[in-house]
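To keep things clear, I will list the structure first and then write my remarks on it.
The values are calculated or read from the model by the stated rules, or taken from the named source; none is laboratory data. Since the structure is predicted, the reported quantities are computational estimates derived from the model, not experimental observations. Glycine gets a Cβ as well: all are built from the backbone with ideal geometry, and neighbour counts include every protein chain shown.
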Amino acid sequence: MFAPIEKGLEKGLFASRWLMAPFYVGLVGALAALLVTFCNELVHFIQNAHTMTANDAILGSLALIDLSLAGNLLIIVTFSGYENFVSKINVDDHEDQPSWKGDVDFSALKLKLIASIVAISGIHLLKIFMEIKKYEPDHIFWMVMIHLVFVVSGVFLALMDRIAVGSKAITKQAKK
């Protein structure tokens, strides 16, 4: 009696995954905005290259690297999020597709995300250390603490995933 209702409900719930698609399109928009920012930074960097000190050149390079890492992060989240939660991306085995496409599950996505955040935080911290005289000791302390929270969070996420994989293996072994 309730089987048709249940089947319809389940189909509707499954179809609701498409509500996530606009989020991933929005991330592509964020990537475009990041590209504009990168281009602005690059133009500024090149225009001032002849008057830069070594520190200025390193800081400018770090800013570009930082933006590049953020762009990589957006691509990873967009591709893997879409594939994990909406639908597989079918590009007919295009030769330029990333080697990791289709292989990043939710667990790997979390680890890539925290690793990227740690890298971006580390770059910001390096920028601060390069201009340490400009910052108050309290500011430096809190930036280091925030970075350490990211690092420790990453270690704990990796540890939790390792424990989960180990417990799955034990469960499979016990069923045999």
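Scan the stretch 65-75 and give yes if some residue there is surrounded by 10 or more Cβ atoms within 10 Å (Cβ to Cβ), of a type in the set (D, E, K, R) and assigned to a helix (DSSP H, G or I), otherwise no. Yes, that holds for at least one residue. Taking first residues from the stretch 123-138 that are free of Cβ contacts under 8 Å to residues at least 40 places away in the same chain and over 15 Å from Leu69 (Cα atoms) and partners that are of a type outside the set (A, V, I, L, M) and loosely packed, with under 12 Cβ neighbours inside 10 Å, the Cβ contacts under 8 Å between residues at least 6 apart in sequence or on separate chains come to Ile128/His139.
Would you check if Trp142 is of a type in the set (Phe, Trp, Tyr), in a loop (DSSP other than H, G, I, E, B) and either modelled with pLDDT of 90 or more or surrounded by 11 or more Cβ atoms within 10 Å (Cβ to Cβ) (or both)? It is false that Trp142 is of a type in the set (Phe, Trp, Tyr), in a loop (DSSP other than H, G, I, E, B) and either modelled with pLDDT of 90 or more or surrounded by 11 or more Cβ atoms within 10 Å (Cβ to Cβ) (or both).
Among the residues of the stretch 51-66, those that are under 15 Å from Phe38 (Cα atoms) and aliphatic (A, V, I, L, M) comprise Leu59, Leu62, Ala63, Leu64, Ile65. Residues of the stretch 1-37 that are among the basic types (Lys, Arg) and surrounded by fewer than 11 Cβ atoms within 10 Å (Cβ to Cβ): Lys7, Lys11. The selection criterion, being within 18 Å of Ala158 (Cβ to Cβ), surrounded by 15 or more Cβ atoms within 10 Å (Cβ to Cβ) and at pLDDT 85 or above, holds for Val118.
The set of residues from the stretch 48-58 being closer than 17 Å to Lys127 by Cα, part of a helix (DSSP H, G or I) and of a type outside the set (Gly, Ala, Ser) comprises Asn55, Asp56, Ile58. Screening the stretch 67-98 for residues that are of a type in the set (Gly, Ala, Ser) and within 23 Å of Leu35 (Cβ to Cβ) and picking the one that is modelled with the lowest pLDDT gives Ser80. Would you confirm whether any residue within the stretch 28-47 is part of a helix (DSSP H, G or I), modelled with pLDDT under 90 and closer than 23 Å to Val118 by Cα? No, the stretch 28-47 contains no residue that is part of a helix (DSSP H, G or I), modelled with pLDDT under 90 and closer than 23 Å to Val118 by Cα.
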